[in-house]
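Encoded as structure tokens, the structure appears first; notes follow it.
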Amino acid sequence: MSCWQTIQDYGLRSLGWGERLLPRENFTLCDQFTLIGSGMIWNVYFGIFALVSGFFFATLVALGKASPNPWLRKPSEWFIFLFRGSPLFIQFFFGYFFFLTLKSHFAFFSPFTAAWLGALIVLFLNTAAYSGEIFYGALQSIPKGDVEAADAYGLSGWNRFRRVIWPTMLRLAWPAYTNEAIFLFHATTLVFFSGFPAWQQRGDALYYASYFADKTFNPFVPYPILAGYFILLTIIVISVFGLINARLNRHLPQAAKRKIRLRPNLIR
């Protein structure tokens, strides 16, 4: 079988298109690159949707924590503390059994026990908590002169937040938020170990890497391939977020612009 035929047969297998049966023997590098790359579709799916939805929720959480109203501040503080204080793997575990319990009483929650939705919700809540703390720190760091200048121009309420506070918060938080985005994409590999099942063996990249490692008894080929895909994904994230960072800081002199520095989180 040619490599092109392998790509046609297995390139979209993780989505349910193509050959249903995995190759059993005589694995080639093309087989491993294709199937692991096919599984990366799910990792990208989890990362993008959790990051986008978590971004907006994190903004609300940060504003809630900065609010003088205890009815807004306390729930935000406890939400951040809960998800930052517990390991992500444990959150997957409790999330799965929580949705499983709801499913036994309400049929509506049946999709929530699948990885494509249940695991996504856990990742969304986790990144919203971490990002909310980052945004809260940025809110506390906004120079008072910026707010006073907005008041002097007659801006108040929503207009002041939209034109001054929110852009300044993003500009200050963006380098740290970039690292959070990188960690989130790496954390999608934990879905493989969570209780959320992969529907009809349509797993993520780690699922296929583990399959080849088990069949060949040689983990030194599939896992480096998996690492290579994530390195490529990290480069893309850094590039995209770097463009956004440049956009946020376009009004500043070149010497004053905050450049993004990659600082991997070795321990979280």
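The values are calculated or read from the model by the stated rules, or taken from the named source; none is laboratory data. Because the structure is a prediction, the values reported are computed rather than measured. Virtual Cβ from ideal backbone geometry, glycine too; neighbours counted across all protein chains shown. The area values use the complete protein model at the heavy-atom level, side chains included, leaving out ligands, DNA and RNA. Shrake-Rupley method; radii C 1.70, N 1.55, O 1.52, S 1.80 Å.
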The range 1-81: relative contact order from alpha carbon pairs under 8 Å, six or more residues apart, as a whole percent, is 21
Under the Karplus relation with 6.51, -1.76 and 1.60 and θ = phi - 60°, whole-Hz ³J(HN,Hα) for the range 182-194, x at Gly and Pro, equal 5, 4, 4, 5, 5, 5, 5, 5, 5, 4, 4, 8, 6
Taking protein heavy atoms only, a 1.4 Å probe, and rounding to whole percent, the accessible area of the range 28-119 owed to carbon and sulfur comes out at 81
For the chain, the longest principal axis of the Cα atoms and the Cα long axis of helix 205-216 enclose an angle in degrees, to the nearest 10, of 30
For the chain, the Cα convex hull volume per residue in Å³ comes to 165
Highest mean packing first, using Cβ neighbours within 10 angstrom, the peptides 85-94, 117-126 sort as 117-126, 85-94
Longest principal axis of the chain (C-alpha) makes with the long axis of helix 222-248 (C-alpha) an angle, in degrees to the nearest 10, of 20
Kirkwood radius from Cα pairs of the range 10-159 plugged into Stokes-Einstein at 10 °C, 1.306 mPa s, gives D in µm²/s equal to 85
Reported to the nearest 10 Å², residue 105 has, with a 1.4 Å probe, an accessible area equal to 130
If every Lys and Arg gets +1 and every Asp and Glu gets -1 at its Cβ, then about the Cα centre the chain yields a dipole, in debye to the nearest 20, of 840
Relative contact order of the chain (C-alpha contacts under 8 Å, at least 6 apart) in percent is 25
Between the Cα axis of helix 120-140 and the main Cα principal axis of the chain, the angle (0 to 90°, nearest 10) is 30
The extension gain from residue 78 to residue 158, computed as 0.36 nm times the residue separation minus the Cα-Cα distance, is 26.2 nm
Using alpha carbon centers only, the range 26-75 is separated from the range 92-110 by a whole-angstrom value of 21
With only helices counted (DSSP H, runs n ≥ 4, each -39500 (n - 2.57)), the per-residue ellipticity at 222 nm for the chain, to the nearest 500, works out to -22000 deg cm²/dmol
Descending packing, highest mean Cβ count within 10 Å first, for 233-239, 157-163 is 233-239, 157-163
Under the Karplus relation with 6.51, -1.76 and 1.60 and θ = phi - 60°, whole-Hz ³J(HN,Hα) for the range 159-166, x at Gly and Pro, equal 4, 5, 5, 6, 9, 10, 5, 5
With x for Gly and Pro, the residue-by-residue ³J(HN,Hα) of the range 32-47, computed from phi through the Karplus equation 6.51 cos²θ - 1.76 cosθ + 1.60 at θ = phi - 60° and given in whole Hz, is 6, 4, 5, 6, 5, x, 5, x, 4, 4, 5, 4, 5, 4, 4, x
